[in-house]
Amino acid sequence: MAVERMEMLNLIGQISDMDFISRELVLLGCIHMVNAMHEIDNNNFTISASELNMDALVDVNFIRPYPRDVRIAEVAHQAETLMEAFDLEKAVLPEYAEEDFDFALTSDKVAGMYQRLQAIRDEMAGLDKTLENKRKLHKYFTYMKDIDIRWEDLTGMEYFDFSIGMMPKDNAVKLKNNYSDIPAVLYKVDTLPDRVVVISIAPKSLKVELDRIFNSLSFKKLDVPEDYSGTPREITERLTGEIQGLEAEMAGLRDRIENLKSEYGDEVLRSYSHVKVYEKMEVVKRDAALSTEFFYLAGWIPARKKAELEKRLEPVTSRTQIHYKAAETVGKRITPPTKLRNPVFIRPFEALVAMYGIPSYNELDPTAFVGISYMVLFGAMFGDLGQGLIFLLAGLYLSRVRHRSALGGVLSRLGLSSMVFGALYGSVFGFEEVIPALLVRPMEDINAMLIGAIALGVVLLTTAYIYNLANAIRRRDLKDGLFGQNGLAGLLFYWILITTVLMYALNGTLPVPLPAVIAVLAVLLGVTVVKEPLANLIRRKTPLHDEKVSDYYIESGFGILETILSMLSNTISFIRVGAFALNHVGLFIAFLTMSEMIHNASGVLILIIGNLVIIGLEGLIVFIQGLRLEYYELFSKYYEGSGVPYEPVRLGYRLKRRPFAGRKAAL
């Protein structure tokens, strides 16, 4: 339940070791890269000035960026094509990723296999184009199969023009109604779902007029070559044989690809893994700086991973410099990335936090608070044992079957919370007679529900104030931590105000005079007004105001009103928790009433539909309302979310290698 501690890694190695080290960093999978050139230019890169390292110190004067390897894009494309053609799962296999390889040799292997594959694919592409044309002609001649006239006679007439085409059915009706005005002999040879196929024979002298009429009717002439002989039926039979022969050729080409897969499949899997590793190595290298003999790398590493890194780099440790710097010593210009570490039960709620923003490195991780509070809020508003079970099952399905771990994890935990509150409310799919209520039935004690919701809001808001105070201590922010409206002064003001209102409402009197309470509240508000000069005075910083004095106090004066209104509105806003709990019961009562009015099976159907509506529609509304309370009422008190996401260079492994029965071969 914390932001993982990071350290800055500065690494200097010999250029001959660059591939090995970059590969080990990729396989380690935990280095968030930083541009080494930028670090060196800003004098943030650590190079020890020992006699052993003097060469690297001197060589840094000849620094230059790493030149990108332009081969990788083409080789990666070829490897992807091979995997797709052989229908292999695109996965980096651990046993291949961990082995040493020469990328130049891998590139040659991939290119050789790709060329053999591409030769077959080019042949298939040409064959496919021929097949497509033959099938099209077969379809066209099938339209005319009942015409017992040789094709060469139809197309070779000296004074008449023959054509075949199709037009929309509606236009065919118009053509039929105006047949006497058409300067051609027309004959319908086939009917399609939305078109008709027509042949026409017309004098060549009238072709221009006929084309004008056909254009107005959206007549589309079919492109049928004239170099065929025989009747349309005979031509169709010949085309059928040609198509079967071409299909046999295509099947043979597919068999050749299968043979290639059997011959090279395992080598393709190995090469694909090597290429993907090298792609990630290039990501590491692109942030590197080079000199004449050395390369320089910088990045953030989790402190607990340092020993594992050093173990991986043992073969080159004697000629490699590795330096670590704590995040606090790096300087404010460089922000460490934020990596969260939370228990499995809370981890899915990291997605809700990230929707608002990533926690800053020096900020408390709010995931645990968000997870627990959000489950309580959702369960309180949507408490039902049966409907919560549906959410739980849906969440388990999403996370385990659909692999939507974040959404499924959140949904299953919200379902579990809903089930707990359903037991407290005594509600199962809306029915309140099935089990006894362990705590309260919402509709039977409305006041308790609304007051309890406000009390829950007070507890959560107080926790938010404490979080903000802890964050201010971590940042050493005296101004907002002690004197700010969301700091200690604001928390004291809030609790004194809440306690005063509560005691007066319960007893009608206060243990201390009201003017004294008002005076304390006024002093606390005054502290929030003068927080900046007060903090600067304590720190002995001048000037006391960081902006124009009049502007500062005008803004702070309005801040008093905003403080009071926000405290009241934030607290009252939690009344919606009780209101939605009541609404949840009331909505089911409406469906139950409708079902009781129908004394047959339809009544049961109404109850089922009612539960579906409640689960879908109200569940979504409650989900959104819970987020609103988290983001607006609580996050506004303590959370900035301006952190840098932790994005290490790493591979996605399959946990288990799929066996491949093909034999190995080398080109």
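The values are calculated or read from the model by the stated rules, or taken from the named source; none is laboratory data. On a predicted model such as this, the values are computed, not experimentally measured, just so you know. Cβ coordinates were reconstructed from backbone atoms using ideal geometry, including for glycine residues, and neighbour counts include every protein chain displayed.
Here are some conditions: (1) within 24 Å of Met381 (Cβ to Cβ); (2) outside any helix (DSSP H, G or I); (3) among the charged types (D, E, K, R). Arg628 meets all but one. Which one does it not meet?
For Arg628, the exception is condition (2).
Out of the residues in the range 330-348 that are within 17 Å of Asn42 (Cα to Cα) and touching a residue at least 24 places away in the same chain (Cβ under 8 Å), which is surrounded by the fewest Cβ atoms within 10 Å (Cβ to Cβ)?
Kept after step one, since they are within 17 Å of Asn42 (Cα to Cα), are these residues of the range 330-348: 330-336.
From what's left, touching a residue at least 24 places away in the same chain (Cβ under 8 Å): 330-331, 333-336.
Details: Val330: 18, Gly331: 13, Arg333: 8, Ile334: 17, Thr335: 16, Pro336: 24.
Restricting to residues being within 17 Å of Asn42 (Cα to Cα) and touching a residue at least 24 places away in the same chain (Cβ under 8 Å), the top hit is Arg333.
Quick one: in the range 365-422, which of the residues that are among the charged types (D, E, K, R) and part of a helix (DSSP H, G or I) is surrounded by the fewest Cβ atoms within 10 Å (Cβ to Cβ)?
Applying the first criterion (among the charged types (D, E, K, R)) to the range 365-422 yields 365, 384, 400, 402, 404, 413.
If we keep only those that are part of a helix (DSSP H, G or I) too, we end up with 400, 413.
Working: Arg400: 12, Arg413: 23.
Checked the range 365-422; the qualifying residue surrounded by the fewest Cβ atoms within 10 Å (Cβ to Cβ) is Arg400.
Out of the range 466-512, which residues are farther than 19 Å from Val523 by Cα and either of a type in the set (Ser, Thr, Tyr) or not assigned by TED's automatic domain parsing to the domain that holds Glu532 (or both)?
Of everything in the range 466-512, those that are farther than 19 Å from Val523 by Cα and either of a type in the set (Ser, Thr, Tyr) or not assigned by TED's automatic domain parsing to the domain that holds Glu532 (or both) turn out to be Tyr467, Tyr504, Thr509.
Checking the structure you have, find out if any residue of the range 433-449 is among the hydrophobic types (A, V, I, L, M, F, W, C) and buried (at least 18 other Cβ atoms within 10 Å of the Cβ). It would help to see each step written out before you state the result.
If we filter the range 433-449 for residues that are among the hydrophobic types (A, V, I, L, M, F, W, C), which is where we start, we get 434-435, 437-440, 443, 446, 448-449.
So of that shortlist, the ones also buried (at least 18 other Cβ atoms within 10 Å of the Cβ) come out as 449.
Yes: one or more hits.
Could you give me the residue pairs with C-beta distances under 9 Å whose first residue belongs to the range 573-598 and is free of Cβ contacts under 8 Å to residues at least 60 places away in the same chain and assigned by TED's automatic domain parsing to the domain that holds Ala453, whose second residue is of a type in the set (Asp, Glu) and buried (at least 16 other Cβ atoms within 10 Å of the Cβ) wherever it lies, and which are 6+ apart or on separate chains?
Filtered contacts from the range 573-598: Asn583/Glu618; Leu587/Glu618.
Is it the case that some residue within the range 527-546 is of a type in the set (Gly, Ala, Ser), assigned by TED's automatic domain parsing to the domain that holds Ala472 and either part of a loop (DSSP other than H, G, I, E, B) or touching a residue at least 12 places away in the same chain (Cβ under 8 Å) (or both)? Break it down into steps so the answer makes sense when it comes.
We begin by selecting, within the range 527-546, every residue of a type in the set (Gly, Ala, Ser); these are 535.
Then drop every residue that is not assigned by TED's automatic domain parsing to the domain that holds Ala472, which leaves 535.
Those still in the list that are either part of a loop (DSSP other than H, G, I, E, B) or touching a residue at least 12 places away in the same chain (Cβ under 8 Å) (or both) too: 535.
Looking for residues that are of a type in the set (Gly, Ala, Ser), assigned by TED's automatic domain parsing to the domain that holds Ala472 and either part of a loop (DSSP other than H, G, I, E, B) or touching a residue at least 12 places away in the same chain (Cβ under 8 Å) (or both), one finds at least one in the range 527-546, hence yes.
Tell me whether the range 128-140 contains one or more residues that are assigned to a helix (DSSP H, G or I), under 30 Å from Ser271 (Cα atoms) and modelled with pLDDT of 90 or more. If you could, list the steps in order and put the result at the bottom.
At the first step, the residues of the range 128-140 found to be assigned to a helix (DSSP H, G or I) are 128-140.
Pick out the ones that are also under 30 Å from Ser271 (Cα atoms) and you get 128.
With the extra rule that they be modelled with pLDDT of 90 or more, the set shrinks to 128.
Yes, the range 128-140 contains a residue that is assigned to a helix (DSSP H, G or I), under 30 Å from Ser271 (Cα atoms) and modelled with pLDDT of 90 or more.
Give the residues of the range 173-196 that are touching a Lys or Arg at 6+ places or on another chain (Cβ under 7 Å) and surrounded by 13 or more Cβ atoms within 10 Å (Cβ to Cβ), sorted by residue number. Give the steps one after another, and end with the answer.
Initial filter on the range 173-196 (touching a Lys or Arg at 6+ places or on another chain (Cβ under 7 Å)): 194-196.
Hits for the range 173-196 are Arg195, Val196.
When you check Leu534 against the structure, is it surrounded by 13 or more Cβ atoms within 10 Å (Cβ to Cβ), under 26 Å from Ile454 (Cα atoms) and not β-branched (Val, Ile, Thr), yes or no?
Working: surrounded by 13 or more Cβ atoms within 10 Å (Cβ to Cβ): yes; under 26 Å from Ile454 (Cα atoms): no; not β-branched (Val, Ile, Thr): yes.
So Leu534 does not fit the description; no.
Against the definition (in contact (Cβ under 8 Å) with a residue 24 or more places away in the chain and either surrounded by 15 or more Cβ atoms within 10 Å (Cβ to Cβ) or farther than 16 Å from Glu279 by Cβ (or both)), how does Ala125 come out, yes or no?
Values: in contact (Cβ under 8 Å) with a residue 24 or more places away in the chain: no; either surrounded by 15 or more Cβ atoms within 10 Å (Cβ to Cβ) or farther than 16 Å from Glu279 by Cβ (or both): yes.
No.
When the residues of the range 423-461 are filtered to those that are assigned to a loop (DSSP other than H, G, I, E, B) and of a type in the set (Asp, Glu), which remaining residue is nearest to Gly626 (Cα to Cα)? Write out each step before concluding.
Within the range 423-461, the first condition is being assigned to a loop (DSSP other than H, G, I, E, B), and the residues that meet it are 426-427, 429-430, 432-441, 445.
Adding the requirement that they be of a type in the set (Asp, Glu) leaves 432-433, 445.
Details: Glu432: 24, Glu433: 28, Asp445: 22 Å.
This residue is Asp445.
Regarding Phe162, is this residue free of Cβ contacts under 8 Å to residues at least 40 places away in the same chain and buried (at least 16 other Cβ atoms within 10 Å of the Cβ)? Steps first, answer last, please.
Details: free of Cβ contacts under 8 Å to residues at least 40 places away in the same chain: yes; buried (at least 16 other Cβ atoms within 10 Å of the Cβ): yes.
Yes: the conditions hold for Phe162.
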